[in-house]
Amino acid sequence: MKISEVVISRKGKYDGELFFVIDVKDGFALLADGKKRKVTNPKKKKLLHLEEVGLSSEAVKEKLENGSNTVDALMRAELKRLKFMLKSKVSD
């Protein structure tokens, strides 16, 4: 898993929800979606409990690397767009 990759939580309170990976350390990923979990307070989740979607966002990656304050808003917009793409992919 790499930074800015989109994953689905498969265990716990956030089961089935999409998140961006903002960091990976020692078998855990730090996750944020810009709404419930912001970059300043990410969710720490075991890698075992995450499913890779195969999508990522270069714009989110760039903002995370630059430490931008607007990254949460961008995450919300990107996840909305990517959810639509995933639904289209499933129905094909």
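The values are calculated or read from the model by the stated rules, or taken from the named source; none is laboratory data. Here the structure is a predicted model, which is why all the values come from computation and not from measurement. All Cβ positions, even for glycine, are placed from backbone atoms using ideal geometry, and neighbour counts span all protein chains on display. Accessible surface areas use protein heavy atoms only, side chains included; no ligands, DNA or RNA. Shrake-Rupley method; radii C 1.70, N 1.55, O 1.52, S 1.80 Å.
Quick notes
- Cα-centre dipole for the range 34-84 with unit charges at Cβ (Lys and Arg positive, Asp and Glu negative), debye to 20: 420
- Each label was represented as a point 7 Å from its Cα along the Cα-to-Cβ direction; for Lys13 and Ser68 these points are 2.8 nm apart.
- Mean residue ellipticity, 222 nm, helices only, the chain: the sum of -39500 (n - 2.57) across DSSP H runs of n ≥ 4, divided by residue count and rounded to 500, is -10500 deg cm²/dmol.
- When the chain is described by a simple charge dipole with +1 on each Lys and Arg Cβ and -1 on each Asp and Glu Cβ, the residue from Val7, Thr40, Ile22 located farthest towards its positive end is Thr40.
- 11 Å reach of a label modelled at Lys2, 7 Å along Cα-to-Cβ, counting backbone N of the range 43-72: 56-58
- Compared with the alpha-carbon gap, the fully stretched path from Val53 to Val24 is longer by 8.8 nm at 0.36 nm per residue.
- In the context of the full set of protein chains, the chain has a per residue accessible area of 64 Å² (1.4 Å probe).
- Kirkwood estimate for the range 23-76, i.e. one over the average of 1/r between Cα atoms, Å: 11.8
- Peptides 36-45, 54-63 ranked from most to least packed give 54-63, 36-45, packing being the mean of other C-beta atoms within 10 angstrom over each peptide's residues.
- Placing +1 on each Lys and Arg Cβ and -1 on each Asp and Glu Cβ, with no other charges, gives the chain a dipole about its Cα centre of roughly 440 debye.
- Of the accessible area of the chain, computed with a 1.4 Å probe over protein heavy atoms only, carbon and sulfur atoms account for 50 percent.
- Altogether, the Stokes-Einstein calculation at 10 °C and 1.306 mPa s, with the Kirkwood radius of the chain over Cα pairs as Rh, returns a diffusion coefficient of 122 µm²/s.
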